[in-house]
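To keep things clear, I will list the structure first and then write my remarks on it.
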Amino acid sequence: MAQGGGLWGWMQSFGGTCGFGQAPKTHSMWVRAAPELCPQEVPGVSEELLAKIDTPGGSLEEKLEHVTDTFRSNARHLESLQQLLRLRAIERRAAEGSDEFPAEVESVISKGTYQDSFLQAFDGQSFPLFGEQVIPYHEYRLALEVHSGGAYWSSISTQDSGSVQHKVEIVSASSPAEGSATIISHFGAAQRGAVFVWRWHHLPEKGPYQLPEWLDKVLLGEGNDPLRKLQAELEVVRRWHQQVRADTAQHIKQGGEIKDPYIREVLRLWPSETDAQGIQQLKKCAWVEGLDARLFVGRTVVAHRIPYDAIHTIVLHAHISKRHVDEEEVAKEGSPPYRLTTSWQWTAAAPTTEQGLSRLMLQERLPGSQQSITEIPGSYQSLTEMPGTRQPRHEPPSSAEVLMDPSSSVPEGAEQNDWAADTSTPAPEIPEKCQI
C-alpha cells in the first residue's frame with residue numbers, strides 16, 4: 001500500500017500504473033473583484049452613466065432624469081441596509097475606541113424600540129450612526145434623533161404608558177417629501193418619539209470630480225439635498241423648453257438657419273393664427289401656387305438653433321409635405337394641399353471657430369473634397385434649374401402673397417451656388433406673383 005494513503009491511496013497508485021490516473025486539477029489564479037476594493041473615481045456615478053451624460057448633445061431633460069433616478073437608487077440602497085448599519089455603528093465605535101453610546105441608547109439602536117422615559121432622558125439629542133458619500137459632494141447620514149414633543153406634550157400625562165415599548169420610526173430623505181432634514185420638517189414641531197433619520201449633508205470641499213460642467217454646477221449649488229437641486233434644474237429646463245416651443249411661429253418666419261431662398265420665403269409667409277392664450281401658432285396646412293412643388297416639398301431643413309449651454313442646443317426642424325391626391329379632389333374638398341410639420345430636437349452645440357477651421361482643413365485633405373456640391377446630380381442647383389409650373393387654381397388661396405419665381409435670373413456678379421447659400425441675399429424679384 002502507499003505509505004499514509006490507506007486503501008484509497010493504494011487504489012489510486014495502482015490505477016495510475018494501468019493508465020487510469022486522474023488528470024491534475026488546475027486552480028484559478030484570479031479572484032473576483034469586489035466594488036469595495038475598487039472604489040469609483042466619482043462617488044455614486046458609474047463609468048457607463050458618466051459616459052452617457054458627458055456625451056455632447058442629446059436631451060438634457062433625459063440626462064437629468066437619468067441622473068436623478070440613479071442617485072435616488074443609491075440612497076434607497078443604503079436605506080435598505082439601515083438595520084445592519086445600526087449594529088455596525090455600535091461595533092465600530094467599540095473597535096475604534098471612541099466614546100461609546102449610553103447603554104439606553106445602544107439598547108434602542110439595537111432593538112429598535114424605546115419607552116417614554118427614554119424621551120425625557122435624551123430629549124433634543126442626536127446620535128450619528130453612519131455616513132457615506134453616495135453622490136458627488138454629498139454625504140448620506142443616518143442618525144437617531146429624540147424628541148419629547150415640546151410644550152404641547154408637557155401638560156399630557158404619560159405615566160400609564162411607562163412600560164409600553166414603542167417602535168422607532170424611520171424617516172428617509174428619498175420619501176415623497178423629498179429632502180426633509182429632520183423629523184420636525186416631516187411631522188411638525190409637536191412630534192414626539194425617537195426616530196432613525198436619513199439626512200443629506202453638502203460637502204463642497206470634496207472633489208474635484210470629473211463631471212460634466214452642467215452637473216458639477218448643479219451639485220455645487222446651495223443646499224444639502226442633491227435630489228432637490230436636480231429636480232429644480234429639471235423644472236428650469238422644462239420651462240425654458242416650453243417657452244422656446246411657444247415661439248415656434250416666430251422662429252419659422254425668421255428662418256435664420258435656412259439656406260434655400262425658396263423654402264425660406266415660403267415659410268416666412270406661411271399663414272398663422274392666434275390661440276386662446278394669445279400665442280401665435282402656425283396653421284397646419286396652406287395653399288402654395290405659382291411655384292414648382294419640387295423646390296420646397298419633401299425636404300427637411302433646420303430653421304433655427306437655440307443653445308442652452310456649451311454642449312446642448314435645441315434645433316427647430318421644418319418639413320413641408322403634399323397630400324398624394326389629385327388636384328381635382330383637392331379642389332372639391334376645399335382643403336389646402338401642403339402641410340407643415342415642425343419639431344424641436346436636442347443636439348450638440350455648434351462648433352467653435354477653431355473647431356470649424358480644423359474640420360475645414362481636414363475636408364481639404366480628403367480625396368474628392370474639392371468637388372462642388374453643384375456638380376452632384378440631384379443637388380440644389382439641379383432643382384433650381386427646373387422651370388416653375390403654374391397649376392390652375394380651383395379655390396381661392398389665402399390672402400398672403402409673395403413675389404418669387406424659380407425661373408428668375410441670378411443677381412449679376414454672383415455665382416449660382418454662392419447666391420443659394422447666402423441667407424442675406426433676398427429672394428429674386430419677378431414680374432409675376434406666387435400666392436400662399
Exercise. Return the subset of Lys167/Lys229; Lys63/Lys206; Lys253/Lys322 for which the Cα-Cα distance in this structure is over 29 Å, preserving the input order.
Key: Lys167/Lys229
Quiz item: Using a basic spin-label model with each label point 7 Å from the Cα along Cα→Cβ, how many nm lie between Arg268 and Ala51?
Solution: 4.7 nm
Quiz item: What distance in nm separates the simple spin-label points at Leu84 and Gln243, each placed 7 Å from Cα in the Cβ direction?
Solution: 4.8 nm
Quiz item: In sequence order, what are the phi-derived ³J(HN,Hα) couplings for the range 117-134 according to the Karplus relation 6.51 cos²θ - 1.76 cosθ + 1.60 with θ = phi - 60°, rounded to whole Hz, with x for glycine and proline?
Solution: 5, 5, 5, 5, 6, 10, 4, x, 9, 10, 10, x, 10, 7, x, 8, 7, 9
Self-check item: In sequence order, calculated HN-Hα J values of the range 76-83 (Karplus, 6.51, -1.76, 1.60; Hz; x Gly/Pro)
Solution: 5, 5, 5, 4, 5, 9, 5, 5
Practice problem: Using 0.36 nm per residue of separation minus the Cα-Cα distance, give me the extension gain between Gln125 and Lys283 in nm, one decimal. | Solution: 50.3 nm
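Here, each number is a calculation from the coordinates, and none is a lab measurement. Predicted model only: the values in this text are computed from it and were never measured. Here Cβ is always computed from backbone atoms with ideal geometry, including for glycine, and neighbour counts include all displayed protein chains.
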